[in-house]
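Undergrad: Encoded as structure tokens, here's the structure I'll be asking about.
The values are calculated or read from the model by the stated rules, or taken from the named source; none is laboratory data. All of these numbers come straight from a predicted model, not from anything done at the bench. Don't worry about glycine lacking a Cβ; one is built from the backbone with ideal geometry, like all the others, and counts go over all protein chains shown. Each accessible area value is taken on the protein alone, full model and side chains, heavy atoms only, with ligands, DNA and RNA left out. Shrake-Rupley method; radii C 1.70, N 1.55, O 1.52, S 1.80 Å.
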Amino acid sequence: MPRLDHVNILTRDAPPMIDFFRKVLGVEEGHRPPFPFPGHWLYLDGHPVIHLNMVDRTDDFPAGMFNHVAFSFYDRDLALKAVEASGYRFELDAIPDTDIGQIFVYGPEGVKIELQYRR
């Protein structure tokens with residue numbers, strides 16, 4: 001059965017991006033194969049779910065076809081505490097007609113992630 005394996009994000013400045021995902025998601029940087037271009041792999045539960053590739057550019061990406069990536073399911077109070085402590089801007093929302101709450105967190109270079117929790 002197919003499943004989502006990872007998301008690949010282009011970044012011009014890896015340390016702030018890694019720090020964002022560490023503070024909000026609790027990722028750990030881990031092994032990355034020796035590709036011929038620079039980057040970083042960030043792991044959750046032993047799986048490299050976020051691949052960062054380094055790029056040269058001066059501006060943040062504009063809003064486009066890719067809006068955000070979602071991670072589920074989190075304990076609402078613990079997730080909210082981590083997000084508030086991170087200092088990043090966030091918004092609370094919910095998926096209509098479901099028991100799923102959402103925390104949208106805005107990070108470096110225009111990246112946006114969603115943390116889902118059961119309401």
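Undergrad: So what is the accessible area of the chain per residue, in Å², with the probe set to 1.4 Å? Spell out each step's value before the answer.
TA: Values: 7420 Å² over 119 residues.
With the other protein chains kept in place, the chain gives 62 Å² per residue.
Undergrad: For segment 1-45, rounded, prolate or oblate, judged on the Cα gyration tensor with a ≥ b ≥ c (square roots of eigenvalues), a/c < 1.5 rounded, else prolate if a/b > b/c?
TA: Oblate shape, in that a/c is at least 1.5 and b/c is the bigger or equal ratio.
Undergrad: Rounded, prolate or oblate: pick one for the chain, where a ≥ b ≥ c are the square roots of the eigenvalues of its C-alpha gyration tensor, a/c under 1.5 means rounded, and failing that, prolate if a/b is larger than b/c, else oblate.
TA: Working: a/c = 1.71, a/b = 1.48, b/c = 1.15.
Verdict is prolate for the chain.
Undergrad: Order the peptides 89-96, 100-107 from the highest to the lowest mean number of other Cβ atoms within 10 Å of their residues.
TA: Put in order of decreasing packing, that is 100-107, 89-96.
Undergrad: Now for a separate question. Give me a comma-separated list of calculated 3J(HN,Hα) values for segment 86-102, in order, Karplus coefficients 6.51, -1.76, 1.60 applied at θ = phi - 60°, integers in Hz, x for any Gly or Pro.
TA: Each residue of segment 86-102 in turn: 5, x, 7, 5, 8, 9, 9, 7, 8, 7, x, 6, 9, 9, 9, x, 10 Hz.
Undergrad: Specify which residue in the list 100, 20, 35 is farthest towards the positive end of the charge dipole of the chain, using unit charges on the beta carbon of Lys, Arg (+1) and Asp, Glu (-1), about the Cα centre.
TA: 35
Undergrad: Counting only protein heavy atoms and using a 1.4 Å probe, what share of the accessible area of the chain belongs to carbon plus sulfur, as a whole percent?
TA: 55 percent
Undergrad: Something else now. Computed FRET efficiency, Cβ-Cβ of residue 93 and residue 35, R0 41 Å: what is it to the nearest 0.05?
TA: About 0.70, to the nearest 0.05.
Undergrad: Could you sort 109-118, 22-31 so that the peptide with the highest average Cβ count within 10 Å comes first and the rest follow in order? All intermediate terms of the calculation are to be shown ahead of the outcome.
TA: Numbers: 109-118: 18.0, 22-31: 15.6.
Going from most to least packed, we get 109-118, 22-31.
Undergrad: What does the C-alpha gyration tensor say about the overall shape of segment 33-102? Classify as rounded when a/c is under 1.5, otherwise prolate if a/b is larger than b/c, or oblate. Each step should come with its number before you reach the end.
TA: Numbers: a/c = 2.04, a/b = 1.59, b/c = 1.28.
Cα axes put segment 33-102 in the prolate bin.
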